[in-house]
1. With every protein chain kept in the model, how would you rank Trp90, Trp196 by accessible area, 1.4 Å probe, largest at the top?
2. If you take the beta carbon distance between Cys634 and Ser444 as r and set R0 to 51 Å, what does 1/(1 + (r/R0)^6) give as a FRET efficiency, to the nearest 0.05?
3. What do you reckon, how do Glu373, Glu42, Glu11 stack up by accessible area (1.4 Å probe), largest on top?
4. For the range 367-487, rounded, prolate or oblate, judged on the Cα gyration tensor with a ≥ b ≥ c (square roots of eigenvalues), a/c < 1.5 rounded, else prolate if a/b > b/c?
5. Let me confirm the definition first: pairs of Lys residues in the range 377-531, 8 or more apart or on different chains, C-alpha distance under 24 Å. How many are there?
6. Give me the extension gain from Gln103 to Ala422: residue separation times 0.36 nm, minus the current Cα-Cα distance, reported in nm with one decimal.
7. Please report the projected area of the chain's Cα convex hull averaged over all directions, in nm².
8. What is the helix-to-structure angle for 443-477, meaning the angle in degrees between its Cα long axis and the longest Cα principal axis of the chain, kept from 0 to 90 and rounded to the nearest 10?
Amino acid sequence: DEEWPEAEKAEKLARGAALKWASGVFYRPEKLEGLGQYRSREMQRNSSIQSRLKSTVQSYLEGVSAGLEQLRSAAQEVQSACQDLGAARWALLDSADHFQGLQQMQTLMAEHVQLASVVQVLPQLFSVQEVFSHTLQLLHGQRLLEAHAELMMMEHLRDDILSQLDLRGLSSAQTTVLSYFGGLQELNESLAKQLWDIVGNSLQLVREDPVLFVTAVRIIEREEKIDDTLLLEATFLPPGRPKSWKQKFYQVLQETITGAHFQATGVDAEGHGLARHLATLQKDIVSELRVVKDLMVQCVPAHYNILSICTITYHQALTSHLQDILQEDLDKQALFLLLEWALHVYHSPDMMGHPDLLPEVDVSALGPLMSPELVDQTERKYVVKVKASMLEWLQRTLEVEFKEWFREEEPETDHQGFFQSALPVIVMQMLSENIRVASLITDSLQQKVYTMALEELEAFLGRLREALVQAGKEHQKDRTVPKYYVSYLLAMLNNNLALSSSVSSLHPDVACREVPMSLRAALDRMQKKTCQLLLEELLLDLQPLCLQLPSHKWLLGSQLVSSMCEVINKYTKDFSRVRKPLFTLLLTESELLVASQYLRALMQKKMVCKNKEERVQLCDRLLQDATQLQELFCGLGLDGSQQSLEAVFALRELICLQDPALLSLEVLGFITKYPDVSDEHISTLLDLRGDVSKEVRHMVLEMMAQHPQVLPEGYRPIFSTILVPAPELPFCLRKGKCA
């Protein structure tokens, strides 16, 4: 029980379960009658269980006894084996010296096997040199298929021998075998050289003798199949494999095309030489592609795509060739030809789009010969060259024009009698022609040339204006040179007007014909400078007359203004040789000049009215002169309301005013009408009256200070250009007070 506590516990549980079952079964008295039967049945069952347990335990005990017996037998056998192994170990140690002799025998055996293998193939190896000689003879006789057949036979023999030796692990014998096949390399090179020579002349051969070219292609195809087979098996790769002769075929063909047309150095940088070169390329490429399409395609397998390969080769070689040409310093004609050829001719029916090449040659798949960046770079180079050429031509035109100004005859006239010269026609033709030519290439080049042309025209107008100034300086030194100075200035005004009206038509696109502000300003400066020189010429003739007024002789009556009218008439007659808008401008500016010179003469402080009679005479003279001048300009077509001579009438009112005390009011109206008049101008006019006291003067000037004027928009200044002489300083003695 102490050793098996679980058995005691199990017995208690079994007894409890039995009692519980028995109490339930035999609870009733009638059930007690079968108690004896139940006891005998349970005893029989217990006896049966015990007998089975004894049988089972006996069987287990017999198995354990057999196992122990087997273990004892195995232990004896292991001990015996250990003894045998120990004896064998000592025997091996005693036989170590004998094993070294066996190793030497094994080496000799391997060498014997190798020699035996070599001896087996010796008859074949001895015949190799003879086959080599025969193959060379076939190659020299251009019997290429037979030569290649023998070459393949020898390579096959070599590869079989080397493969067998490799499988047997006889690597040392391979060197001996390879020494017999050393001539194969030479044969391969000789055959390859002939093949590549044939491929290099393929375009000529397919026209004259296609058999030779077809033979070369067949040999290349054989070698390509052998390469594919060996690479696919990937067990043994013989020496010199893969040959890749198909790739070499493409390479030689491409090098032949490139070398024949695109490796010429020193291409003529001038237009004529480049034109011939491009025409030759165009003719040769179309001719050769036709040969490829019609003849060579039939001589090669379809998977070679020979037409596509040749077309792409020409395209890529041309692309590189054009880039090389662009490295040269090309003139504008050469650059134009290059752009036109690359952008228009190349894809046209005259070249890659030739009817004989379609539809096999896909023009759309070729792409551009020049990248957009290269096109833009080339266009900029072209614009630079055109600019230099245009600058040179414009400078020559200017020099010719400058010389014509000093001719001893008047300038040319048009059918209406207006002065003109050939300058605007020459300039506009030059600009428009360059823009038109550029439009034949691309819209971007046209825009670049258009922009450059306007810039050059603007610069030309600046140089032309400087030339006019130079001519004016020469004329100031001697007014007889140039003889027809005024006439040529008038011609320049008409020329400038012609340029102004024509420049907007330079751009072919009506929507892009707006003239830049800078060019408008240049044209305006040119017109103003020419008008200024004309007015300066008029001023030179008017100044001697203006210097004679005001004076007492002038007050009493003279032909001074009549003389001025004669001068004005003379100039306006010349002015009639310009077109109407310019004539009106010159007439307006001349009237302003006359009015300002007349007013300037009055303000030179040459005269002061001594009494009322002189003031009346002055007013009458001013009225007569202003009326005469105003009628003159009205007769010439200038409306009186547009004339600056109205200022003389207004000034006369200041002189004619009888009561000086009312001058403030009168002056206020005067400065309101002419806001550019200054205190000095009014003070000078008051001096001219001769009857204005200091108090009235002070009151007038103070009133002006209280009513500052602002120039209204569109006002034409007249008094701001008139300088009043500075007042003379009172004379002082050395040590006395000022008088």
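The values are calculated or read from the model by the stated rules, or taken from the named source; none is laboratory data. Remember, predicted model here, so these are calculated numbers, not experimental data. Neighbour counts are summed over all protein chains in view; Cβ atoms, including those assigned to glycine, are modelled from backbone coordinates with ideal geometry. Side chains included, ligands, DNA and RNA excluded: accessible areas come from the protein's heavy atoms. Shrake-Rupley method; radii C 1.70, N 1.55, O 1.52, S 1.80 Å.
1. Numbers: Trp90 160, Trp196 40 Å².
Ranking Trp90, Trp196 by accessible area, largest first, yields Trp90, Trp196.
2. On the way: r = 56 Å, r/R0 = 1.09.
Given R0 = 51 Å and the Cβ-Cβ separation, E is 0.35.
3. Values: Glu373 130, Glu42 40, Glu11 95 Å².
Listed by decreasing accessible area, they come as Glu373, Glu11, Glu42.
4. Numbers: a/c = 4.31, a/b = 2.56, b/c = 1.68.
Note, shape of the range 367-487 comes out prolate.
5. Lysine pair count for the range 377-531: 15.
6. Values: separation 319, 0.36 × 319 = 114.84 nm, distance 11.45 nm.
So the chain would gain 103.4 nm between Gln103 and Ala422.
7. On the way: hull surface 421.3 nm².
Its average projected convex-hull area is 105.3 nm².
8. Approximately 30 degrees, to the nearest 10.
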